[in-house]
Amino acid sequence: MSIPPPDGPQHQVGPPPPQFPYGGRPGCAPYGLYGPGGPRPPAVVNGVAVAALVLGVLCFLPGLGLVLGLVALRQIKRRGERGRGMAVAGSVLSSLGLALWTVALATGVAADAWQGVKDGTRGNSVLGLRKGECFDSPGGLEGSATDADRVPCAREHDGEVFAVVTVPDGAYPGDARLTGTADERCHALQDAYVMDTWALPGHVDVYHLTPSRESWDVGDREITCVLGNRDAGAALTGSLRRDATTLDAHQLAYLEADRVLDTALDEMPEAEFAEDDLPGHRRWAGQVAEAAAEQAGMLRAHEWPAGARRPVRDLAADLDEAGEEWARAAEAGDAEAYYEHSYRGWDLVDHDGSITARKALGLATTPPLYDEEAEREPESGDMKV
């Protein structure tokens, strides 16, 4: 038996069907889901998180990558931005990179890596410049330098490398300390590269390339000593190298003997006048006397070529007389007697005898000129890599 539906309005059992007033259908929201305030744009991605991830992936400056990752996490939480996953990933990767750098430094792997960097950049970088190479630098020899175009020394060039010094590992020592070390070490090594100091033009000065903080962080521990024009904007032509690679045995023997007396003469007391420090000047005069005797002995001990025997013999005789005068100065009882004998000693070691011997040996014959006023402060010759 069927029950006819009741008369009047029909009643629906259960919830009412959904309404889609804008033409939608179940499962779709054609105009998006918005809050009561209207449409909201998606949250922006935190830029610091992106930077942290990049540094973490590249393993470059891991300490900075870790710091940026932590900063990004705080900014994301405070600002409601996106990028938390990138910040976390950057922090983790940077932490791993920092740990690897620590192990590398402790085991010497960093040194091998740095050598690989130098070998890979020898084409056009200041990294890996070697002793005896001449180069041009787009920015000259002052300020910061990254590029170095190697050129034959016979051509015009900005600088010539005469030594490379490795400094101890550890924390970055700072610009001032590196500059002081570079100035001291480079000037000490200059005479080993240019043994014939008479061949060094007066317009040549010493520069040095020192590690910057950034290059230090990737393993740079080298100071590069460079000879360049005193005018940083001017060039040099020709190699200044005068050592065992360019000199013959007779020239080397002469220069090694010549250095003995030059070294003693350079150790003059700080007090300019003997009246101010007679004991100090007397001690110095005794050292000069010993050096003159030693140089004369070295000159006589060598077998010189025929054309150089007489001038070298005459030079040795002058050194004997000079040594005697300096010995008398060392025993002087007062400043007047000291000056009398030291002046004679200076006259006997003047350049005349040296010029004759040098000419016979094929060495430079023009004595060096020293322009005290033209000397630059040590810091002005510093370049950062």
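Some points to look at:
- Taking the criterion of being over 21 Å from His281 (Cβ atoms), outside any helix (DSSP H, G or I) and of a type outside the set (Ser, Thr, Tyr), the residues of segment 342-373 that qualify are Gly362, Leu363, Ala364, Pro367, Pro368, Leu369, Asp371.
- Looking only at residues of segment 342-382 that are of a type in the set (A, V, I, L, M) and modelled with pLDDT of 80 or more, we find that the one that is farthest from Arg300 (Cα to Cα) is Ala364.
- Looking only at segment 325-341, and only at residues there that are in a helix (DSSP H, G or I) and in contact with a His (Cβ under 9 Å, 6 or more places away or on another chain), the one that is surrounded by the most Cβ atoms within 10 Å (Cβ to Cβ): Trp326
- Filter pass, Gly323 being over 27 Å from Leu369 (Cα atoms) and outside the structural domain of Ala199 (by TED's automatic domain parsing): no
- The residue that is surrounded by the most Cβ atoms within 10 Å (Cβ to Cβ), among those in segment 237-281 that are under 30 Å from Cys153 (Cα atoms) and acidic (Asp, Glu), is Asp258.
- Some residue of segment 300-309 being modelled with pLDDT of 95 or more, over 22 Å from Leu200 (Cα atoms), surrounded by 14 or more Cβ atoms within 10 Å (Cβ to Cβ) and in contact with a Lys or Arg (Cβ under 8 Å, 6 or more places away or on another chain): yes
- Within segment 119-149, considering residues that are outside any loop (DSSP other than H, G, I, E, B) and buried (at least 16 other Cβ atoms within 10 Å of the Cβ), the one modelled with the lowest pLDDT: Ser125
- Among the residues of segment 297-313, the ones that are of a type in the set (D, E, K, R) and either outside any helix (DSSP H, G or I) or touching a helix residue (DSSP H, G or I) at 6+ places or on another chain (Cβ under 6 Å) (or both) come to 2 in all.
- Any hit, segment 214-230, residues being surrounded by fewer than 16 Cβ atoms within 10 Å (Cβ to Cβ) and either over 20 Å from Pro173 (Cβ atoms) or not assigned by TED's automatic domain parsing to the domain that holds Glu156 (or both): no
The values are calculated or read from the model by the stated rules, or taken from the named source; none is laboratory data. None of the values given here were measured: they were computed from a predicted structure. Positions of Cβ are backbone-derived with ideal geometry, glycine not excepted, and every protein chain shown enters the neighbour counts.
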